[in-house]
Each structure stands twice: as structure tokens, then as C-alpha cells.
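J.: My questions will all concern the structure given below.
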Amino acid sequence: MARPLTATIDLNAILHNYRYAKKLQPTCKAFAVVKSNAYGHGAIEVAKHLDEEVDAFAVAAIEEAMSLREADVKSSIMLLEGVFEAEEWALCEQYGFWAAIENDTQLTWLLDSEAKIEKVFVKLDTGMHRLGTDKNGAKLLVEKLKESGLVGEVLLMTHFACADDLSDITTMEQLTYFEQTRRSIGSIEASVANSAAIMKWSVPEGGWIRPGIMLYGISPFAGLTGQQLGLVPAMTLSSKVISVRSLKQGEKVGYGLSYVAKKDHQLATVAIGYGDGYPRHAQHGAPVKLNGQSGELAGRVSMDMITVKLSNSDQSLEIGQEVVLWGEEVPVEEVAEFAGTIGYELVTRMTSRPNYRYQAFNEIKL
Ligand SMILES: Cc1ncc(COP(=O)(O)O)c(C=O)c1O
């Protein structure tokens, strides 16, 4: 016996979405970004399913890369933030990891270590001002890496600050600065595009794209769901009704008694809460599917439970009925909106409490 809470991951949906990214940018190779436990979907399971298909994986840090190698993942793995300590370069050589580089400290550590690295991506700061060096710094890093004889291929990368906002010209400005720098360096492959750029911006031909959120079937754009973009959602989070009661008009529910029934209706208590990853800040009205009908959150989210009601139907509620919190029938992007956040955060903040089930049931059409 266990709490009836399940995160079902459709691994074929992720494969479909990876192929879709490559179809949109057919001249490019593609990383599958599986950092942060594959955005909460389970990095090892996801990477093993995609291992024979992907051009390479990308993670945030070496410990994420190591855990994939230890699980026998064979593809190349790129460290998007590069190394954090000198010793990591030797591990990169040993395990065949690629890495981003953005400062002289990382360069000095590499030169001192004499580690041989297959691909190093020099990170150019084109305006986001989070990681990366400027045009001259990038040129120098490229020159020194090439002179070192330690690196098989040096590439140039950047990251967009506003690619999810199609009305913002910053992406065009960042691309212009990137291409100017690239021309001043000479022949060098590029890596610029995250999911939003892959789907909606014109990115350099060739080189490497870096799809993350789109692999999981989730939209990076406000007001659009993954399915509306042609993606297949990979995670279905579902649980069951564990208690049912009849509320009279005016009765209040949950912590703070913040929900007040406007009329008599049934209320179901469901085994999921913020201790599982459901967002505590979700507001009344957040969508759920309750026994196949449209339902909504009614009452504050507790650690282990939520309370929900049917939106329109007066079907009778019963213990054991299935409740879908998000998935194909309930876009995670819409739930996120009710919690003042984005789909990225909801899936990434999943905890180890739900029962994770891996399936590959969506037929791949690409
Ligand atoms: C450097 C880099 N590239 C690619 C990605 C993937 O971005 P997205 O999930 O928006 O596709 C990320 C994610 O944060 C990133 O930091």
C-alpha cells in the first residue's frame, strides 16, 4: 500500500520532442539538455532512453555528468557551466566530457592540468550578463585554447536572455553581436539556441542547438502550451481522491479557510501537496482533471493534500477516483500560471515522493 501518487514519464514523448527540435533546425546537431534531473523527469532514465539517438547530452555540472556515465550512458556529455574546480578538467578527460569555458581561471586550470578535451565551447556574453566573456575575451580564449594543443575543437556559444518574448528585439541584438564576434574569429562552429530560439527564431545554420524544456513537451512561451507548439508532454502527474464531503454554501475549506463555497457542492480531498512538488502558491481555480471531468483547486495547498471540486458537472465524487494534476489533459503551463510561475519550475521541483513510472507508449511519428 502506498499513497496513490504517480508521475508517469513517457520516454517516447521525449524522443519525439528531440526529433522535432532537430526537424526544426535540420542543419544542426542537438544536445539533449538533461540538467536538473532532466527537468525533474529522471536524468538517468531519460538519458538511457535517448542514448543511441542523441548527438550529445548537456548538463549543468560535472556531478550530473558523472552520474550519467556511472549509469553507463555512452554519448558525449557537455558541461554547460564548465568546470568549477581545477581537478574537474582531469575528470573531463577521463570521462570524455566536453565543457563550456568563460574565464581565464578555467583556462589556467586547463593549461595546468594538460587534460585533453574533445570539444570546448567558449562562452560569449552577448547581453545576458550572467556567464560569458566579451568579444575580445572570447577571441583570446579561442586563440589560447587552439595554441594549447589540448582541445580537439573550439566552438563559440552564447545564451539568450529573452528568446521566449517574440516582441523583444534583444535576441536579434544578441545574435548580431554573436555573428560579429564569430566573423572576427574566423571559422568556428556556433551554439546559441535554447528551446524558444529553436522554435521561433532564426538561428545560425550548422553547429549545435540546446533544447531543454521543449524535450519535456513544455512551452517556453507565456500563453502557449507545449501541445499547441507541436510537442508531446512527457510527464503526467496523477493521484486519487482520498475523501469526499458535501459543502454547504458559505462553508470554508483548508488552511486559512481561504476558500468559501459560493453554493452547495461536493469537495474531494486528493493525495498530493507541496511536499510532492505541487506548487503551494497555486490559487483557487487551478485546473485538474477529476474522474475525467474538468475540476479545479478549491482551498489552499497543504503539504500532503489538496481539495478540489468539479468545475461544471454535478457528477458524484467518490473515493478512489483518479485526479490528473498535469499532463496531456491538463497543461502544466496553465497550472503554473495559477501559481505565478512557469512550467519549468513545476517539473524541476518535483520531489522523490511520487511513484515514478517510466513508459514508452506514445507512438513516435517523426
Ligand atoms: C546554457 C543553456 N543552454 C540551453 C538551455 C536549455 O534551455 P531551455 O530549457 O529553455 O530550452 C539552458 C537552460 O537553462 C541553458 O542554461
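Laboratory data are not the source of any read-out in this text; all were calculated from the coordinates shown. Predicted model only: the values in this text are computed from it and were never measured. Methodologically, a virtual Cβ is constructed for each residue, glycine included, from the backbone with ideal geometry; neighbour enumeration extends over all protein chains shown.
J.: Taking amide hydrogens as modeled 1.01 Å from N in the peptide plane, which residues meet the under 5 Å criterion relative to K119, leaving out close sequence neighbours?
T.: A99, G152, E153
J.: I would also like to ask the following. Quick one: order D10, D125 by neighbouring beta-carbon count within 10 Å, fewest to most.
T.: D125, D10
J.: Taking Cα atoms of the chain, Rg/Rh with Kirkwood Rh, to two decimals?
T.: 1.05
J.: Next question. Binning at 5 angstrom from zero up to the longest distance, how are the C-alpha pair distances of the stretch 17-71 distributed in percent?
T.: Final binned percentages: 4, 20, 32, 23, 12, 7, 1.
J.: In straight Cα distance, which aspartates and glutamates are under 15 Å from K262, not counting same-chain residues fewer than 8 positions off?
T.: Reachable aspartates and glutamates: E251, E296, D314.
J.: Still on this structure, please answer the following. What's the exposure ranking of F84, F57, F338, going from fewest to most Cβ atoms within 10 Å?
T.: F84, F338, F57
J.: Here is a further query. Over the stretch 11-219, what per residue volume does the convex hull of the Cα atoms give, in whole Å³?
T.: Roughly 105 Å³ of hull volume per residue.
J.: Separate question: Count charges around L267 for me, please; just the other residues with Cβ under 14 Å from its Cβ, Lys/Arg as +1, Asp/Glu as -1.
T.: In short, +2.
J.: Count the net charge of all other residues whose Cβ sits under 15 Å from the Cβ of G206, scoring Lys and Arg as +1 and Asp and Glu as -1.
T.: +1
J.: Moving on. Among DSSP bridges having both ends in the chain, what percentage is antiparallel? Round to the nearest 5.
T.: Percentage antiparallel, nearest 5: 50.
J.: Could you list D276, D51, D314 so that the one with the fewest beta carbons within 10 Å of its beta carbon is first and the one with the most is last?
T.: So the ranking, lowest neighbour count to highest, is D314, D51, D276.
J.: About the Cα centre of the stretch 235-359, how large is the charge dipole given +1 on each Lys and Arg Cβ and -1 on each Asp and Glu Cβ? Please answer in debye to the nearest 20.
T.: Around 420 debye, computed over the stretch 235-359.
J.: Determine ³J(HN,Hα), in whole Hz, for all residues of the stretch 18-25 in sequence, where each value follows from phi through the Karplus function 6.51 cos²θ - 1.76 cosθ + 1.60 and θ = phi - 60°; x replaces Gly and Pro.
T.: The phi angles translate into 5, 4, 5, 4, 5, 5, 6, 10 Hz.
J.: For the stretch 261-301 and the stretch 214-257, what is the separation of their Cα centres, given in Å?
T.: If we compute the Cα centre of each part, the gap is 8 Å.
J.: Helix-only estimate, please: 222 nm mean residue ellipticity of the chain, summing -39500 (n - 2.57) across DSSP H runs of length 4 or more and dividing by its residues, to the nearest 500.
T.: Value at 222 nm, helices only, nearest 500: -8000 deg cm²/dmol.
J.: Moving to a separate point now. Report the percentage of all Cα-Cα pairs in the stretch 141-284 whose separation exceeds 19 Å, rounded to a whole percent.
T.: Cα-Cα pairs in the stretch 141-284 separated by more than 19 Å: 69 percent.
J.: If a/c stays under 1.5 just call it rounded; otherwise compare a/b with b/c (prolate if a/b is bigger, oblate if not). Do that for the stretch 235-359, with a ≥ b ≥ c from the square roots of the Cα gyration tensor eigenvalues.
T.: Prolate, since a/c reaches 1.5 and a/b exceeds b/c.
J.: Another one. Which whole-angstrom value gives the distance between the alpha carbon centres of the stretch 98-174 and the stretch 23-48?
T.: So the separation of the two Cα centres works out to 21 Å.
J.: If Lys and Arg each add +1 and Asp and Glu each add -1, what is the summed charge of the other residues whose beta carbon sits under 15 Å from the beta carbon of K139?
T.: Computed value for this residue: -1.
J.: Next question, about the same structure. For the pair Q359 and Q249, what calculated FRET efficiency results from E = 1/(1 + (r/R0)^6), where r is the Cβ-Cβ distance and R0 = 51 Å, to the nearest 0.05?
T.: Efficiency, from the Cβ-Cβ distance: 0.75.
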